[in-house]
Each structure stands twice: as C-alpha cells, then as structure tokens.
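Participant: One structure is given below, represented as structure tokens, and several questions about it will come after.
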Amino acid sequence: QWALALLGRALARLREQQSAAGHGDSFAALKPFLSREAEPGEYAAPAPRLERTDNAIVMAVGRLRQLYRELVREEIRLTVPAAADVADEMRHLLAVLSR
C-alpha cells in the first residue's frame, strides 16, 4: 500500500504539472507508457492526435518518465529521515513493485 500510495502521489503531481504547463492532453495520451514499454508501433496511435511524429512521442515519453522518477524520489525524500536514505528506499520500492 505504501508503494502504491507513493506512486499515486507522484503521478498526481506529474499530472498537475503537465496540466499547468498546457500539456494535459499529451499527458493523458502518454500516461499508459509511464510504467511499461510500448509494443512495436504502439506510439503511432497517439501521434496524429497529438500532432507529433513517432520519434517525438518517444522523446516525450522519455521526458515524462524522467520527471516521474524525479517526483517519486521527492516523495520518498519526504518519508525518510536523511537524503542519503533515498537510494535505499528507491531500491526497496522497486523490489516491492517487482513482486
């Protein structure tokens, strides 16, 4: 539950940031790719609606994933006593999610 709540908070923050920046539609279309790899050709589906090329979609997903990771780290930082503990908690989070 801890892991899911933490990821949910980070995802909500990412959604808010993207909406505030005027990228709400892009976020909604690309959100499914934050936690999984796309199947071959799957990026082609949102490309026309977002008026982007497949390569631009790949780059946008990469940027969103990076922002999401940063927000997850920030959320973890709020739960540990020292910044040095973030890496250990991140590893623990990944281990919990891989079960």
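The values are calculated or read from the model by the stated rules, or taken from the named source; none is laboratory data. Predicted model, so just to flag it, every value in this text is computed and none were measured. Using ideal geometry, Cβ is built from the backbone for each residue, glycine included, and neighbour counts are taken over all protein chains shown. These accessible areas exclude ligands, DNA and RNA; they are computed on the full protein's heavy atoms, side chains included. Shrake-Rupley method; radii C 1.70, N 1.55, O 1.52, S 1.80 Å.
Participant: Out of the residues in the stretch 62-99 meeting the condition of being of a type in the set (Asp, Glu) and modelled with pLDDT of 90 or more, tell me which one is nearest to the chain's Cα centre (by Cα).
Facilitator: Glu70
Participant: Can you name every residue in the stretch 59-85 that is touching a residue at least 12 places away in the same chain (Cβ under 8 Å) and either open to solvent by 70 Å² or more (accessible area, probe 1.4 Å) or within 17 Å of Ala3 (Cβ to Cβ) (or both)?
Facilitator: Scanning the stretch 59-85 gives Tyr68, Leu71, Val72, Arg73, Glu74, Glu75, Ile76, Thr79.
Participant: Restricting to helices (runs of 4 or more DSSP H) lying wholly in the stretch 13-99: which have 2 or more residues that are small (Gly, Ala, Ser) and on the phi < 0 side of the Ramachandran plot?
Facilitator: Per the criteria, 24-30, 54-77, 86-97.
Participant: In the stretch 3-24, which residues are at pLDDT 95 or above and either open to solvent by 60 Å² or more (accessible area, probe 1.4 Å) or more than 23 Å from Ser98 (Cα to Cα) (or both)?
Facilitator: Arg9, Arg13, Arg15, Glu16, Gln17, Gln18, Ser19, Ala20, Ala21, Gly22, His23, Gly24, listed by residue number.
Participant: If you don't mind, another one. Given the criteria under 22 Å from Ala3 (Cα atoms) and open to solvent by less than 60 Å² (accessible area, probe 1.4 Å), does Leu50 qualify?
Facilitator: No.
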